[in-house]
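Engineer: Here it is: the structure, laid out below.
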Amino acid sequence: MENETQNLLYWEELFVDYWKAQEGIADGSHDLGHFQRVWKAARHIAREEGGSADLLVLLASAYFHDVVSMPKDSPRRSESSRLSAEWAGELLVSLGFPAGKIEGVRHAIHAHSFSARVPALTEEAKILQDADRLEAVGAIGVARCFYTAGQMDARLFDAADPLAKGREPNDRVYALDHFQLKLFKLPGMMKTATGRRLAEENAEWMRGFVSRLCGEIEGDFG
C-alpha cells in the first residue's frame with residue numbers, strides 16, 4: 001500500500017508539473033483545478049465502490065481527459081474525447097508510464113464524454129465518467145455552466161420565461177436552459193452507486209438554487 005501511494009504521488013507530481021509548465025490554457029472550466037477535482041472525486045468513488053479500480057489508470061485519466069476540449073458550440077465537439085485519448089496515450093509513452101496501463105487510460109478518456117456516446121466498458125471508465133460529471137452538478141456545476149455560457153455569448157436566462165414553460169429550451173441562447181436540457185438528467189446517467197448518490201445530492205442543491213433564482217427574478221426577496 002505504501003509503495004502504491006508513493007507511486008501515485010510520483011505520477012501526480014509529474015502531471016501537475018507538466019500542466020504548470022503549459023502556458024495559455026484559456027478555458028477556466030478545463031484547467032488544472034478541474035483535473036485535480038476530478039481525480040479527487042474519482043479516488044473517492046473508487047474507494048466507496050470497493051477499491052478494486054486501478055488508481056494509476058484513474059489518475060492519468062483524470063489529469064488528461066480534457067486535454068483536447070472543443071468549444072461547446074463546435075461541430076467537432078464529439079471528437080474531443082477521442083483526440084484527448086490519442087494525445088494522452090502519446091504523452092504517457094514519452095513519460096515512461098507503464099505500457100500495460102495506457103490502453104486503459106485511453107479507453108477511460110474516450111468514454112468519459114457526454115457527447116461522444118462511447119460505452120464505458122471498464123470500472124475505471126465508469127468511475128472517470130461519474131467523477132467528471134460530478135463537476136457539472138452542485139455549486140461547481142453552476143459556476144461552470146454560467147462561465148461556459150459567457151464564453152458562448154449566451155444570456156443568463158429568459159427573464160420572461162426562465163424555466164421555458166412556454167417555449168422550447170435552448171441552452172445556446174440561455175444558460176439556465178442547460179439545467180433542464182442536461183444537468184438535471186445527469187444523476188440518472190451515473191454508472192456507479194456512489195456517483196449516483198452524490199449527483200442526486202448535488203442536483204437537489206441546484207434545484208434550490210434555481211428556485212431561489214426564479215424568486216429573485218420575480219421580485220420575491222423574502
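Engineer: Quick check: anything in segment 18-32 of a type in the set (D, E, K, R), within 20 Å of residue 86 (Cβ to Cβ) and exposed (fewer than 14 other Cβ atoms within 10 Å of the Cβ)?
Structural biologist: yes
Engineer: Do you know which residues across segment 167-191 are closer than 30 Å to residue 51 by Cβ and under 15 Å from the mean Cα position of the chain (by Cα)? If you could, list the steps in order and put the result at the bottom.
Structural biologist: Of segment 167-191, the ones closer than 30 Å to residue 51 by Cβ are 183, 185-191.
Listed by number, the residues that qualify are 183, 185, 186, 187, 189, 190, 191.
Engineer: Read through the list (1) closer than 30 Å to residue 85 by Cα; (2) surrounded by fewer than 18 Cβ atoms within 10 Å (Cβ to Cβ); (3) among the aliphatic types (A, V, I, L, M); (4) modelled with pLDDT of 95 or more, then give the number of the only condition that residue 131 fails.
Structural biologist: The one condition residue 131 does not meet is (2).
Engineer: To continue, here is another question. Quick check on residue 47: is it exposed (fewer than 13 other Cβ atoms within 10 Å of the Cβ), charged (D, E, K, R) and modelled with pLDDT under 95?
Structural biologist: no
Engineer: Please verify whether residue 14 is modelled with pLDDT of 80 or more, part of a helix (DSSP H, G or I) and more than 18 Å from the chain's Cα centre (by Cα), treating the condition exactly as stated.
Structural biologist: On the way: modelled with pLDDT of 80 or more: yes; part of a helix (DSSP H, G or I): yes; more than 18 Å from the chain's Cα centre (by Cα): yes.
Yes, satisfied.
Engineer: Give me the residue from segment 134-155 that is farther than 27 Å from residue 197 by Cα and surrounded by fewer than 16 Cβ atoms within 10 Å (Cβ to Cβ) and, out of that set, modelled with the highest pLDDT.
Structural biologist: Among them, the one singled out is 155.
Engineer: Checking residue 188 against (1) over 29 Å from residue 124 (Cα atoms); (2) surrounded by fewer than 14 Cβ atoms within 10 Å (Cβ to Cβ): exactly one of these is not met. Which one?
Structural biologist: (1)
Engineer: Among (1) of a type in the set (Lys, Arg); (2) under 19 Å from residue 114 (Cα atoms); (3) at pLDDT 95 or above, there is one condition residue 172 misses while meeting the rest; what is its number?
Structural biologist: (3) is the only condition that residue 172 fails.
Engineer: Consider residue 158 carefully, then state whether it is surrounded by 14 or more Cβ atoms within 10 Å (Cβ to Cβ), charged (D, E, K, R) and over 21 Å from the mean Cα position of the chain (by Cα).
Structural biologist: For residue 158, the condition - surrounded by 14 or more Cβ atoms within 10 Å (Cβ to Cβ), charged (D, E, K, R) and over 21 Å from the mean Cα position of the chain (by Cα) - is met.
Engineer: Hey, which of the helices (runs of 4 or more DSSP H) in segment 83-198, taking only ones fully inside, have at least 2 residues that are under 18 Å from residue 34 (Cα atoms) and either in contact (Cβ under 8 Å) with a residue 24 or more places away in the chain or assigned by TED's automatic domain parsing to the domain that holds residue 4 (or both)?
Structural biologist: By residue number, 99-111, 123-134, 139-151.
The values are calculated or read from the model by the stated rules, or taken from the named source; none is laboratory data. Note that this is a predicted model, so its numbers are computed, not measured. Backbone-built Cβ (ideal geometry, glycine too); neighbour counts: all protein chains shown.
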